[in-house]
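The values are calculated or read from the model by the stated rules, or taken from the named source; none is laboratory data. Everything numeric here is computed off the predicted structure, so don't read it as measured data. Note that each Cβ is placed from the backbone with ideal geometry, even for glycine, and that neighbours are counted across all protein chains shown. The protein model used for the area step is the full one, side chains on, heavy atoms only, and it has no ligands, DNA or RNA in it. Shrake-Rupley method; radii C 1.70, N 1.55, O 1.52, S 1.80 Å.
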Amino acid sequence: MKNVFLIKYGELAIKGKNRHLFENKLVANIKKNLKTIGEFVVSKEQGRIMVEPVDDAQIEVEQVLDRLSRIFGIIGIAYGLKEEEVSFEAIKRLALMQMQQECADGPITFKVETKRADKRFPMNSMEISAEIGGYLLDKLGDKAKVDVRHPDVTLMVELRNHTYVYAKTHKGAGGMPYGTNGKATLLLSGGIDSPVAGWMIAKRGVEVDAVYFHAPPYTSDRAKEKVVDLAKKVAIYTGNMKLHIINFTDIQLKIYERCPHEQLTLIMRRIMMYITEAIAKKNGSMGLITGESIGQVASQTMQSLVVTDDAATMPVFRPLIGFDKEEIVQIAKKIDTFETSILPYEDCCTIFVAKHPETKPKLEYIERSEALLDDIIEEMMAKAIEEMEIIRC
């Protein structure tokens, strides 16, 4: 008998070769994410992924469950018992041991459910459940009663290449395995929205890099540290993130000096898009990600978004586009970025924001204003990219 984590994964509509790649990537991600907390054997078995601790005494079950629950592609995690042989005697042994654990704090109600992936077993699922239920009633006496409608415990029996029994399933992050759907680059600020946007795109299997625009001395080192911390929090789910830090001060000062102040934010956003796209292309990204939501601030009106989009040749993914602030905040709290995002350290956009920003800009006027930078901007952008700092989170 061994202890084991049984992994249930989603997106089961994926068939054939793609499903095989999906499963293999999920196995690789599980191994990578668990490497720092213990030694495990990770294997595929008939629609499940099994994670077996090499030494049970060296792991903390709750820590493993927490780590597994953050891995994209996993919809459920059960911690239970395994026997190598597939037999009725093995089922009885495991079921009794599991139920004795469940009854340790007092009498409970229960029911038994069976999944028989190995159809060669001579009894069907309903017969197994009925026989095991009766066996447990005999063995446990007044510690357990059957309740098929609202049981305290649902005892699960799974017959695959081996026998598995467990009583609780913990919710996973869902989505698709990280790295199965290409790569995109996130414009990451110190606010609430962009970390959530990156997390949502990563949940669909997209590998995410990030770019942060820093403006010392107008933004402090604490503001930079805050963004690094946000990248690390998203990387808990992705396994890693490469953060590119661009010194944007000289460019912002030139925009402030030469361009109409009501257009500052839009012109800054466009130049950020130029720089981010250049980095994205160099790193093999296929699109850009932003945390914009329609109408949330002046630079996110429909007209402003059209002006911003014009600066990019890559697709721009905006997963939060129809969300209101409270919906975004709820996700930020769920993924533990909210408290970091609200720390009072300003980013470069808020420092240079105009008092009366334009909310219904026309592209031709913005392009005319941006042309005031034509003699310097290419060289300044190239210098900013050449001198950027890269942090692996």
Got a number for residues in the range 292-321 being open to solvent by 10 Å² or more (accessible area, probe 1.4 Å), under 25 Å from the mean Cα position of the chain (by Cα) and at pLDDT 95 or above?
7
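Applying the selection to the range 192-205, what residues are within 14 Å of I335 (Cβ to Cβ), open to solvent by 10 Å² or more (accessible area, probe 1.4 Å) and either of a type outside the set (F, W, Y) or in a loop (DSSP other than H, G, I, E, B) (or both)?
Once the filter is applied, which keeps residues that are within 14 Å of I335 (Cβ to Cβ), open to solvent by 10 Å² or more (accessible area, probe 1.4 Å) and either of a type outside the set (F, W, Y) or in a loop (DSSP other than H, G, I, E, B) (or both), the range 192-205 yields I192, D193, M200, I201, K203.
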It is to be established whether one or more residues within the range 247-267 are open to solvent by 10 Å² or more (accessible area, probe 1.4 Å), touching a residue at least 60 places away in the same chain (Cβ under 8 Å) and within 18 Å of V316 (Cβ to Cβ).
yes
Please specify each residue of the range 138-173 satisfying the condition of being within 17 Å of C103 (Cα to Cα) and among the basic types (K, R).
K139, K143, K145, K168
Let me confirm something: among V228, V211, V234, which residue is of a type outside the set (D, E) and open to solvent by 10 Å² or more (accessible area, probe 1.4 Å)?
V228
Which members of the range 268-279 meet the condition of being of a type in the set (D, E, K, R) and open to solvent by 10 Å² or more (accessible area, probe 1.4 Å)?
R269, E277
Might you let me know whether the range 65-74 holds any residue that is open to solvent by 80 Å² or more (accessible area, probe 1.4 Å) and either in a helix (DSSP H, G or I) or without any contact (Cβ under 8 Å) to a residue 24 or more places away in the chain (or both)?
no
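Specify the residue that is least open to solvent (accessible area, probe 1.4 Å); the eligible residues are those in the range 119-145 that are of a type in the set (D, E, K, R) and without any contact (Cβ under 8 Å) to a residue 24 or more places away in the chain. Can you show your working first?
Residues of the range 119-145 that are of a type in the set (D, E, K, R), as a first pass: 119-120, 127, 131, 138-139, 142-143, 145.
Cutting the leftovers down to without any contact (Cβ under 8 Å) to a residue 24 or more places away in the chain gives us 119-120, 127, 138.
Values: K119: 138, R120: 195, E127: 89, D138: 131 Å².
Here the answer is E127.
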Restricting attention to the range 214-254, which residues are more than 12 Å from L188 (Cα to Cα), more than 23 Å from the chain's Cα centre (by Cα) and not hydrophobic (A, V, I, L, M, F, W, C)?
P216, P217, Y218, T219, S220, D221, R222, N247, T249, D250, Q252, K254
For the range 280-291, what are the residues that are buried (at least 17 other Cβ atoms within 10 Å of the Cβ) and either out of contact with any strand residue (DSSP E or B) (no Cβ under 8 Å at 6 or more places or on another chain) or not polar (S, T, N, Q) (or both)?
A280, G287, L288, I289, G291
Scan the range 88-99 residue by residue and report those that are under 36 Å from the mean Cα position of the chain (by Cα) and surrounded by fewer than 16 Cβ atoms within 10 Å (Cβ to Cβ).
M97
Quick check on T169: is it in contact with a Gly (Cβ under 8 Å, 6 or more places away or on another chain), open to solvent by 70 Å² or more (accessible area, probe 1.4 Å) and part of a strand (DSSP E or B)?
yes
Pairs please, first residue from the range 204-221 and farther than 22 Å from I289 by Cβ, second anywhere and open to solvent by 20 Å² or more (accessible area, probe 1.4 Å) and in a strand (DSSP E or B), Cβ atoms under 9 Å, 6+ apart in sequence or on different chains.
P216/N247
For the range 13-20, indicate whether the set of residues that are under 24 Å from R204 (Cβ atoms), under 23 Å from the mean Cα position of the chain (by Cα) and polar (S, T, N, Q) is non-empty.
yes
Which pairs turn up if I take residues in the range 364-393 that are touching a residue at least 12 places away in the same chain (Cβ under 8 Å) and look for partners that are assigned to a helix (DSSP H, G or I) and open to solvent by 100 Å² or more (accessible area, probe 1.4 Å) with beta carbon separation below 9 Å, at least 6 apart in sequence or on another chain?
I385/K282; C393/K232
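Of the residues that sit in the range 30-61 and are hydrophobic (A, V, I, L, M, F, W, C) and loosely packed, with under 12 Cβ neighbours inside 10 Å, which one is modelled with the lowest pLDDT?
The qualifying residue modelled with the lowest pLDDT is A57.
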Among the residues of the range 342-387, write down those that are at pLDDT 95 or above, surrounded by 15 or more Cβ atoms within 10 Å (Cβ to Cβ) and small (G, A, S).
S369, A384
Which residue, of E113, E85, is open to solvent by 40 Å² or more (accessible area, probe 1.4 Å), under 18 Å from L6 (Cα atoms) and at pLDDT 95 or above?
E113
Evaluate the range 17-28: report whether one residue or more is modelled with pLDDT under 95, more than 20 Å from E158 (Cβ to Cβ) and not in a helix (DSSP H, G or I).
no
Of the residues that make up the range 241-258, is at least one in a helix (DSSP H, G or I), among the acidic types (D, E) and either touching a His at 6+ places or on another chain (Cβ under 7 Å) or closer than 24 Å to E386 by Cβ (or both)?
yes
Checking T185 against (1) surrounded by 15 or more Cβ atoms within 10 Å (Cβ to Cβ); (2) assigned to a loop (DSSP other than H, G, I, E, B); (3) among the β-branched types (V, I, T), only one condition comes out false. Which one?
(2)
